[in-house]
Structure formats: structure tokens, C-alpha cells
There are 2 protein chains.
Amino acid sequence: MTEHNLHHTIALLTRTPAALNVLLRDLPETWTHCNEGESTMSAFDVVGHLIHGERTNWMPRARMLLQFGETQAFGPFDRWGHVRESQGKSLAQLLDEFARLRSENLDALRALNPQPEDLARRGRHPAFGAVTLSQLLTTWAAHDLTHLHQISRIMAHQYRQAVGPYSAYLGVLQCAGHSSP
Amino acid sequence: MTEHNLHHTIALLTRTPAALNVLLRDLPETWTHCNEGESTMSAFDVVGHLIHGERTNWMPRARMLLQFGETQAFGPFDRWGHVRESQGKSLAQLLDEFARLRSENLDALRALNPQPEDLARRGRHPAFGAVTLSQLLTTWAAHDLTHLHQISRIMAHQYRQAVGPYSAYLGVLQCAGHSSP
């Protein structure tokens, strides 16, 4: 548990909004607003989902874990909760909002300054049961990566016909997607 | 064929080096220098592979296609050709080199300014046979995405134990990888 290097987790969490900003801002909507078919997300939707997580998932749950331990389960997380919040916004607005919220949440995490004994403390996940603060925080970082993985797959999907026979060599086009979004 | 919007392809190709730079520069080596096991790549290796593609694959093949058509097959591409070239270099050096080479190659592509009839021209791939310039150029972009997909998977792999029960919800950890690197 204490092997978890919080500095490494924060280093990744710090970079994701800027990386998505550089990748997606002002990119043609072919790339950012197309999805992989019915009931799937576009890159735009994924940024909205990441924002929703900043508002309702990671730091709120970390605080709840430290306050209530296992006595109270985390509230449910709405995986499509971003849809209403993103309506009428541009991708540029969402990228700005994600960067701002992430920065505020990381400031709060640094202020919390959890020690090894805090990282080992347990809360209660509604589906999994006991989870440690360390598991929650590493998942925050791995969740960024699962959505970077998803965004690269969604974008590649838009070129699946255009690449012709090369599709056999492009691993991302063989990925059916493993994410619960 | 002519549906291929070259502007969209160039828009993505332009952003990849900067996105990888923001994501990877100065990140702890836990993230950047670890791989997924024997004979797999680290994020560092992937950047080296992308550099090797800039030097020997995309624009050299585009020029060859336009010069020789189907009469001469593209030379082989060494998928591990980056190993020697990357030796002794830092990730920061590789990121700089990738950005510089990509920028030069996109300048060359813009100068070439291929028209719809050029995009429909065919060359000969040693494995697939006839491929069009359009397929080659869209693959250049999709190849960036296949490796962004791979990098996010490699990095997430480093946290596969740390996340505990959350691994069930993290799609990227279910991805076995589909890439021929």
C-alpha cells in the first residue's frame, strides 16, 4: 500500500488536461465530435465525463473516505451525468473547465497531504466494498489513461475505411473497446 | 478516395508531438521507462519508434509512390529500428527530435501539395500490394493514434496492482494490446 508514490500519481494527473488540450483544441470536428456508433462517446463527450468526475467522484470520495471510513458507502456515480452539463458548450470551454477543476482538485489533494497511514485507510465503494484511499487515488490516474486510450480509439475509428489495407497493422482498429465509459 | 480531407490528416499529425511532449516530458520514469513485459515497448521506446517512422517510413514512401507508382515496392520498415538510434538519449531529446522531424515532414508534405488525382495514385506495399497515397497519409495519422493508444495502455499497466478492485472498471487494463508495434 505504502509503495504507492503519491508524487507519481499527481505528476500524471497534472499533465492530462494539458495533453488533451494540445491534442484536441481547434481540431476539426471530424475528430472530436464523432463517436464509434450508437450509445458511444465522442472525444467531446469524454472530456465532459472527465469534468463530471472532477466535480463528483475523485476528491469528494477521498474526503468522504477520510471522514466516514467504511461506515458510509460512496454515492453512485452517473456515467452519463456529463451530458446535461456539456450541452451548449464548445470543446474549448470544456477543456478550460477540465483544466481549472483538475488544478483545484490537485491543490486540495496537496493541502490534504495524505500520509502513508491515510493512504491505507478504507472507505466503502457501493459495488466493490472496501477500497483504500491509495486505490482511489491511483484509479483517478489510471482513469485518465483509460480515457486517453478511449479517445485515441474513437479518433482512429473515423479513419477505419480511409486507411484501406493498412488497417491490419493498426492495433487501435482491432480494439473493440473494453471500457465501461 | 477524394473524400479524404488532407487538412484533417495534417491537423492531427501536427498535434501529436506536442501532445506527447506535454504528457511525457519530465514525468517520473516509472511511467515512461517501464514496459508491459518481455519484448514489449515502454513509452520511451514508442517515441523512438515514431522518430524512426519519420525518418524512414511516411514521407520517404510518399515520395517513392509518386516517383515509381506500383513499379517498385516500398523498402522494408524495421519495427525495432529505433532501438539503436535511441540508445544513450534522454526522453526529452527524443521528444525534441520527434517534433523537429514531424515539422520538417509536414512542411515537405505541404510543399508537395498533393491534389485529388495524386491522392488516388498507387504505390506498392511489400505485404499489401497496391496502396494509394491517400491510404498511406491517413495511416500516418492513424498510426499516431495507435501509439497513443499503446502508450496509455503501457502507462496504465504500471498501476494494475495499485488500483485494487477498481481494475474491473478500467477498460485500458482489459486491453491485451492489438498492436504489432
Selected residue (criterion: nearest to the chain's Cα centre (by Cα)) from residues of the range B:34-79 that are among the aromatic types (Phe, Trp, Tyr) and at pLDDT 95 or above: B:Trp58
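Kindly check whether there is at least one residue in the range B:95-103 that is farther than 20 Å from A:Gln161 by Cβ, within 8 Å of chain A (Cβ to nearest Cβ) and among the basic types (Lys, Arg).
Restricting attention to the range B:95-103, the residues satisfying the condition of being farther than 20 Å from A:Gln161 by Cβ are B:95-103.
Subset that is within 8 Å of chain A (Cβ to nearest Cβ): none.
For the range B:95-103, residues farther than 20 Å from A:Gln161 by Cβ, within 8 Å of chain A (Cβ to nearest Cβ) and among the basic types (Lys, Arg): absent.
If we scan the range B:76-87, do we find a residue that is touching a Lys or Arg at 6+ places or on another chain (Cβ under 7 Å), part of a helix (DSSP H, G or I) and more than 20 Å from B:Pro17 (Cβ to Cβ)? Lay out the reasoning, then the answer.
Filtering the range B:76-87 for residues touching a Lys or Arg at 6+ places or on another chain (Cβ under 7 Å) gives none.
Within the range B:76-87 (the criterion being touching a Lys or Arg at 6+ places or on another chain (Cβ under 7 Å), part of a helix (DSSP H, G or I) and more than 20 Å from B:Pro17 (Cβ to Cβ)), the answer is no, since none of the residues qualifies.
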Of all residues in the range B:14-44, count the ones that are within 18 Å of A:Leu148 (Cβ to Cβ), in a helix (DSSP H, G or I) and more than 7 Å from chain A (Cβ to nearest Cβ). 8
Number of the condition not met by A:Gly123 [criteria: (1) among the small types (Gly, Ala, Ser); (2) in contact (Cβ under 8 Å) with a residue 12 or more places away in the chain; (3) surrounded by 22 or more Cβ atoms within 10 Å (Cβ to Cβ); (4) at the interface with chain B (Cβ under 7 Å from one of its Cβ atoms)]: (4)
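Is it fair to say B:Val131 is among the β-branched types (Val, Ile, Thr), within 19 Å of B:Asn57 (Cα to Cα), over 14 Å from the mean Cα position of the chain (by Cα) and facing chain A (nearest Cβ under 7 Å)?
On the way: among the β-branched types (Val, Ile, Thr): yes; within 19 Å of B:Asn57 (Cα to Cα): yes; over 14 Å from the mean Cα position of the chain (by Cα): yes; facing chain A (nearest Cβ under 7 Å): yes.
Criteria met by B:Val131.
Just checking, which of A:Gln174, A:Gln150, A:Gln161 is within 13 Å of chain B (Cβ to nearest Cβ) and under 21 Å from the mean Cα position of the chain (by Cα)?
On the way: A:Gln174 fails: under 21 Å from the mean Cα position of the chain (by Cα); A:Gln161 fails: under 21 Å from the mean Cα position of the chain (by Cα).
Of A:Gln174, A:Gln150, A:Gln161, the one residue that is within 13 Å of chain B (Cβ to nearest Cβ) and under 21 Å from the mean Cα position of the chain (by Cα) is A:Gln150.
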As an exercise: evaluate A:Gln115 against (1) surrounded by 13 or more Cβ atoms within 10 Å (Cβ to Cβ); (2) of a type in the set (S, T, N, Q); (3) out of contact with any helix residue (DSSP H, G or I) (no Cβ under 8 Å at 6 or more places or on another chain) and give the number of the one condition it does not meet. (1)
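If you go through the range A:82-89 one residue at a time, do you hit one that is within 14 Å of chain B (Cβ to nearest Cβ), crowded, with 20+ Cβ neighbours inside 10 Å and either closer than 30 Å to B:Gly129 by Cβ or at pLDDT below 95 (or both)? Give the derivation first.
Initially, the range A:82-89 is screened for residues within 14 Å of chain B (Cβ to nearest Cβ), giving none.
No, there is no match, as no residue in the range A:82-89 is within 14 Å of chain B (Cβ to nearest Cβ), crowded, with 20+ Cβ neighbours inside 10 Å and either closer than 30 Å to B:Gly129 by Cβ or at pLDDT below 95 (or both).
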If I go through the range B:7-29 residue by residue, how many of them are surrounded by fewer than 16 Cβ atoms within 10 Å (Cβ to Cβ) and touching a residue at least 12 places away in the same chain (Cβ under 8 Å)? 3
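The values are calculated or read from the model by the stated rules, or taken from the named source; none is laboratory data. Computed from a predicted structure; not experimentally measured. Positions of Cβ are backbone-derived with ideal geometry, glycine not excepted, and every protein chain shown enters the neighbour counts.
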